[in-house]
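Below is one structure, written out as structure tokens; comments come after it.
Values in this text are rule-based calculations from the coordinates and carry no lab data. Because the structure is predicted, anything quoted here is derived from the model rather than measured. Cβ sites come from the backbone with ideal geometry, for glycine too, and all protein chains shown count toward neighbours.
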Amino acid sequence: MNKVLLTADKLTKSFARSKSERFCLWHDVNFEIFEGESMAICGESGSGKSTLLFALGGLESVDSGTVCFCNQMIYHRLNPHVPGISYIFQHYYLIEELSVLENLLIPVRVMGKKVNACVMDRAHRLLLELGLEKFSYQLPKTLSGGERQRVAIGRAFMMNPRLILADEPTGSLDEQTSLRVAQMFFSICQKFKTSFILVSHNENFAMQTNKYCRLEQGELRRCK
Ligand SMILES: Nc1ncnc2c1ncn2[C@@H]1O[C@H](COP(=O)(O)OP(=O)(O)OP(=O)(O)O)[C@@H](O)[C@H]1O
Ligand SMILES: [Mg+2]
């Protein structure tokens, strides 16, 4: 049986509306993700999906509750680079001055690791997997939106993460491209046995994950 990869236990988050008033964004969020499992979080704009995703990766604080990843507690905001967790965002966040290949190598350099033959092999394999090998030495500005997002997907896989947190990764793409990029993302996650939590407005994508949840009125409800 697969092991538990991430546990969210009684997570609660509120923000200040004014000096005297706070509002509760979500409360009592509990779930588990097993190794290799995927999960989708849907919900209306402003329901707190991105805030929850960032809290799961330790980038956002919570009022109470805990996140446990690979049997270790995640301490919010203390360590923005939790080993084993990678992100993909709606707006790609590529470095425009660097080539596609160099963008893939960013996480390796940020973690202070050597770019050796093994790292280069992985980068080339990912570029091939994502149909980007012909763009390796081009700058991001010369690519389409779908191609840029595929670069961001490749970058997320560079450090061989166990979990990818993806915040509306196809939200800036047209319907056809969005479908193609999402299918590529699902298939590469399956091939590398990488778990992911996907925030998406697209219910068709959400239905393709193991656990489909909705954030509604401050509660995370399981739909599948
Ligand atoms: N630092 C903050 N201080 C106060 N309110 C905040 C802060 N960060 C987020 N919020 C509020 O929390 C709510 C949820 O924001 P969040 O970005 O998580 O929503 P979302 O579900 O991802 O929305 P979208 O689908 O539009 O991306 C919003 O109303 C937002 O204004
Ligand atoms: Mg959001």
Would you work out if the range 1-108 is rounded, prolate or oblate? Take a ≥ b ≥ c from the square roots of the eigenvalues of the alpha-carbon gyration tensor; rounded if a/c is under 1.5, else prolate when a/b is larger than b/c, oblate otherwise.
-> oblate
Env charge @ residue 116, Cβ radius under 14 Å, K,R +1 / D,E -1, value +3
Shape of the range 77-181, Cα gyration tensor, a/c cut at 1.5 = oblate
Using alpha carbon centers only, the range 179-224 is separated from the range 56-116 by a whole-angstrom value of 19 Å
Going highest first, how would you order 135-142, 47-54, 112-119 by mean Cβ packing within 10 Å?
-> 47-54, 135-142, 112-119
Starting from the Cα of residue 68, step 7 Å toward the Cβ, then list every residue of the range 84-122 with an amide N under 12 Å from that point.
-> none
Modelled FRET efficiency - R0 45 Å, residue 210 with residue 19, Cβ distances, 0.05 increments = 0.55
Value of relative contact order over the range 24-166, rounded to a whole percent, pairs C-alpha under 8 Å and six or more apart | 27 percent
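At 222 nm, what helix-only mean residue ellipticity would the chain give, in deg cm²/dmol to the nearest 500, using -39500 (n - 2.57) for each DSSP H run of four or more? Don't jump to the answer; show the numbers that get you there.
Working: 6 runs with 68 residues, N = 224.
So the helix-based figure for the chain works out to -9500 deg cm²/dmol.
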Simple spin-label estimate for residue 176/residue 61, 7 Å along Cα→Cβ, in nm, reads 4.8 nm
FRET efficiency for residue 97 and residue 221, using Cβ-Cβ distance with R0 set to 35 Å, rounded to 0.05 = 0.20
Quick one: what does P(r) look like for the range 4-222 with 5 Å bins over all Cα pairs, in whole %?
-> 1, 7, 15, 19, 19, 16, 12, 7, 4, 1, 0, 0
Report the label-to-label distance for residue 120 and residue 192 in nanometres (one decimal), using points 7 Å from each Cα along the Cα→Cβ vector.
-> 2.0 nm
Once phi is turned into θ = phi - 60°, what whole-Hz ³J(HN,Hα) does the Karplus curve with 6.51, -1.76 and 1.60 give for every residue of the range 113-119, x standing for Gly and Pro?
-> 8, 6, 8, 9, 4, 5, 5
Number of Lys pairs in the range 1-116 closer than 29 Å at Cα, excluding neighbours under 8 places apart unless interchain, is 7
